[in-house]
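J.: Before anything else, here's the structure in question.
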Amino acid sequence: TASCNCVAGACRAPTSALASPCSSPPSAPVASAASTTSSKSPSAEPSAEPPVEPSAEPSADPSDEPVEPSPAPSEPDVFTGDMDGDGQLTMSDALALLRHTLNLLPLPDEYVAYADINGDGVVDTSDALMLMRAVLGIIS
């Protein structure tokens with residue numbers, strides 16, 4: 001017997017030469033998903049809308065207005081002990097200073113000037129230790 005290849009109510013040609021046992025008459029073969037994909041982009045189809053001509057009247061659309069640049073955010077003030085320039089004294093600053101004094105990871109040149117915590121003119125591990133104590137609240 002022939003088998004019916006009905007898909008969503010559309011009957012395709014039977015799989016054998018015999019008449020379809022389906023109650024619907026055979027219709028054109030249903031295209032598979034792979035064959036329905038076209039290499040044409042949707043924009044390649046002709047549009048039913050007429051092209052928009054530019055007008056001499058000013059537009060109410062705010063996107064056509066010139067946009068003024070917003071002011072740049074102000075940089076936080078860098079101060080003694082602020083090794084990353086975020087405007088706060090944190091353990092991150094103390095660890096960055098310690099890494100610098102141990103020659104593990106040098107600080108950027110612009111922050112070295114703020115690394116002499118105790119003011120003795122030398123940036124060393126005593127500065128890193130003093131900064132750690134200040135961050136922890138042990139000294140003020």
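The values are calculated or read from the model by the stated rules, or taken from the named source; none is laboratory data. Keep in mind it's a predicted model, so treat the numbers as computed, not measured. Here Cβ is always computed from backbone atoms with ideal geometry, including for glycine, and neighbour counts include all displayed protein chains. Areas reflect the complete protein model, heavy atoms only, side chains present, ligands, DNA and RNA absent. Shrake-Rupley method; radii C 1.70, N 1.55, O 1.52, S 1.80 Å.
J.: Could you grab the pairs with beta carbons closer than 6 Å, sequence gap of 6+ or different chains, first residue in the stretch 104-126 and under 15 Å from residue 84 (Cβ atoms), second one modelled with pLDDT under 95 and among the polar types (S, T, N, Q)?
T.: Final answer for the pair search is 114/80.
J.: How do the pairs read when you match residues in the stretch 66-91 that are within 20 Å of residue 123 (Cβ to Cβ) and polar (S, T, N, Q) with residues anywhere that are modelled with pLDDT of 60 or more and not in a loop (DSSP other than H, G, I, E, B), using Cβ under 7 Å and keeping only pairs 6 or more apart or on different chains?
T.: Correct list of pairs: 90/135.
J.: Residue under question is residue 130, and the condition is that it be in contact (Cβ under 8 Å) with a residue 24 or more places away in the chain, open to solvent by 50 Å² or more (accessible area, probe 1.4 Å) and under 19 Å from residue 78 (Cβ atoms); does it hold?
T.: no
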